[in-house]
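Here is the structure we will look at, set down as structure tokens.
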Amino acid sequence: MVCTVVVDGFFGDAGKGKVISYLALKDEAAVCVRGGVGPNAGHTVVLGKQEYKLRMVPSGFTNKSTRLLIGAGVAVDPVIVLKEVSELGVSGRFGVDRQAVIIEKKHIEADSRGDLKDRIGTTGTGTGPCNAERAMRTAKTVQEADILKAYLADVPLEVNQSIDSGKEVLIEGTQGTYLSLFHGTYPFVTSKDVTASAICSDVGVGPTKVDEVVLVVKSYVSRVGQGELPGEISWEEAVKRGWAEVGTVTGRRRRAAPFNFELAKRAVMLNGATQIALTKLDVLYPECKGITTADKLSSAAKQFLDQIEEQLGVEVTLIGTGPDTREIIDLRGQR
């Protein structure tokens, strides 16, 4: 059993929700704990005919025996938390760390106007202003708000006890490497670091407890909002290529560009990646749609995978071939 951190190698939107939902089921995760920023990140999970768009509850909810937690480093919107917990029916297995901070109405208002909205293109969810107050030590913590009292948890203790007892633990990151406050395209970034080290800090897990870091990258690159995007193509071209997407949280158009090996290589370095999860291979190579075994990959797709492994120096172990959680090729232990 292992502790696995899952993070995005580009600008978000790569499919962490799909990868985490699959790992929770396949590896029978005991715990799935979300770190990262807050409800400004949306994770999409498709299971059968049902699509779920999550902004707070961990994507590992797909396994009905997995404990679902939110770490202390996260900014929490109680309204969204309670809505998702209710809709997913996970009340009995959900917890949020008592030192996570609460997004209040004033934070949402501040995030919806002025410089943050106009120049940076923020999501308007209040996450940035809330984290700014946290840095000033004036933000309200979950333990100070009665609304989430039923779900208070000591997340670092729970997670570390699970790791120490040999259980499978998934640590879920948000956003993407190049949206990191420290390592991204500043100032067009989120309000904190979101690389693997920071995600571990968010949930209270030390570096020696981590066994695997899965870096999720899409077969092309997309980005919502302002900031640099090398190789960007027009929306019209994105439509032609099947790369036209909209953001899970904001509904804004995602800007698109071809797969960027240099960005991916740097993301491997910044996150200490041990595995690559490549998603949406079926969009690049439609003939690969829905397949679950590597022997059925087209020669062009295999060549692309070989190129990624050669340039990044890390094995591609998970390959997404469709939106459904089960549409994945799992090469772990087969190489």
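A short reminder: the numbers here are calculations on the coordinates, not readings from a lab. Since the structure is predicted, the reported quantities are computational estimates derived from the model, not experimental observations. Cβ placement follows ideal geometry from the backbone for every residue including glycine, while neighbour counts extend to all protein chains displayed.
The charge dipole of the chain, taken about its Cα centre with unit charges on the Cβ of Lys, Arg, Asp and Glu (plus for the first two, minus for the last two), comes to roughly 560 debye.
Convex hull volume of the C-alpha atoms in the stretch 211-335, normalised per residue: 125 Å³. Distance from the alpha carbon centroid of the stretch 174-212 to that of the stretch 264-335 works out to 23 angstrom.
How do Ile20, Ile319, Ile147 rank when sorted from fewest to most other Cβ atoms within 10 Å of their own Cβ?
Starting with the residue having the fewest Cβ neighbours, the order is Ile147, Ile319, Ile20.
Separation of the stretch 1-56 from the stretch 66-107 is 15 Å, based on Cα centroids.
Distant-in-sequence amide contacts of Arg254, defined by a placed amide H-H separation under 5 Å and a gap of 5 or more residues or a different chain, comprise Glu245, Val246, Gly247. For the stretch 181-335, the relative contact order works out to 21 percent when only alpha carbon pairs closer than 8 Å and six or more residues apart are counted.
Suppose R0 equals 35 Å; then what is the FRET efficiency for Ser112 and Glu262 from their Cβ-Cβ distance, rounded to the nearest 0.05?
0.50
Entry for the stretch 181-252 at q = 0.22 Å⁻¹: log10 I(q)/I(0) = -1.13, Debye formula applied to identical alpha-carbon scatterers, no solvent contribution. Using the Cβ atoms and a cut-off under 11 Å, what net charge is assigned to the surroundings of Val283, where Lys and Arg are +1 and Asp and Glu are -1? Every neighbour counted, the sum reads +2. A Förster radius of 22 Å combined with the Cβ-Cβ distance from Leu152 to Lys105 puts the calculated FRET efficiency at roughly 0.50. Hydrodynamic radius of the stretch 131-255 by the Kirkwood approach over all distinct alpha-carbon pairs: 17.6 Å. Note on Lys106: lysines with a C-alpha under 28 Å away, same-chain residues under 8 apart excluded, are Lys53, Lys83, Lys117, Lys140, Lys149, Lys192. Whole-Hz Karplus values for the stretch 317-334 come out as 10, 10, 10, x, 10, x, x, 5, 3, 7, 7, 8, 9, 9, 9, 4, x, 10 Hz, taken residue by residue from phi with 6.51 cos²θ - 1.76 cosθ + 1.60 and θ = phi - 60°; glycine and proline positions read x. Which of (1) 19.6, 59; (2) 18.7, 57; (3) 21.5, 66 is the computed Rg and Dmax of the Cα atoms in Å for the structure on display? Given (1) 19.6, 59; (2) 18.7, 57; (3) 21.5, 66, the calculated one carries the label (2).
With the convex hull drawn over the C-alpha atoms of the stretch 135-203, the volume per residue is 124 Å³. Gain on full extension, evaluated as 0.36 nm per residue between Ala132 and Ala145 minus their Cα-Cα distance, stands at 2.8 nm. For the peptides 206-213, 124-131, 46-53, 171-178, the ranking by packing is 171-178, 124-131, 206-213, 46-53, with the highest mean count of neighbouring Cβ atoms within 10 Å listed first.
Positive contributions from Lys and Arg (+1) and negative ones from Asp and Glu (-1), summed over other residues with Cβ under 15 Å from the Cβ of Thr292, come out at 0. Dividing the mean sequence gap of close Cα pairs (under 8 Å, 6+ apart) by how many residues the chain holds gives a relative contact order of 22 percent.
Given their separation in residues at 0.36 nm each and the Cα-Cα distance between them, Lys49 and Arg241 gain 66.6 nm when the chain is fully extended.
Please report the antiparallel percentage of the DSSP beta bridges confined to the chain, to the nearest 5. Percent antiparallel among DSSP bridges in the chain is about 35. Note on the stretch 1-150: with charges restricted to the Cβ of Lys and Arg (+1) and Asp and Glu (-1), its dipole about the Cα centre is near 180 debye. Rg of the Cα atoms in the stretch 1-138, relative to 2.2 N^0.38 Å, amounts to 1.07. Computed over the stretch 1-44, the quotient of the alpha carbon radius of gyration and 2.2 N^0.38 Å is 1.18. Residue exposure proxy: Ser201, Ser234, ordered by other Cβ atoms within 10 angstrom of their Cβ from fewest to most, comes out as Ser234, Ser201.
How fast does the stretch 70-173 diffuse by Stokes-Einstein, in µm²/s, taking the Kirkwood radius from C-alpha pairs at 10 °C and 1.306 mPa s?
So the translational diffusion coefficient is about 106 µm²/s.
All other residues with a Cβ under 10 Å from the Cβ of Ile20 taken together, and with Lys, Arg as +1 and Asp, Glu as -1, what is their net charge?
+2
Residue exposure proxy: Arg98, Arg255, ordered by other Cβ atoms within 10 angstrom of their Cβ from fewest to most, comes out as Arg98, Arg255.
Counting only DSSP H runs of at least 4 residues, each contributing -39500 (n - 2.57), and dividing by the residue count of the chain, the helix-based mean residue ellipticity at 222 nm comes to -8000 deg cm²/dmol.
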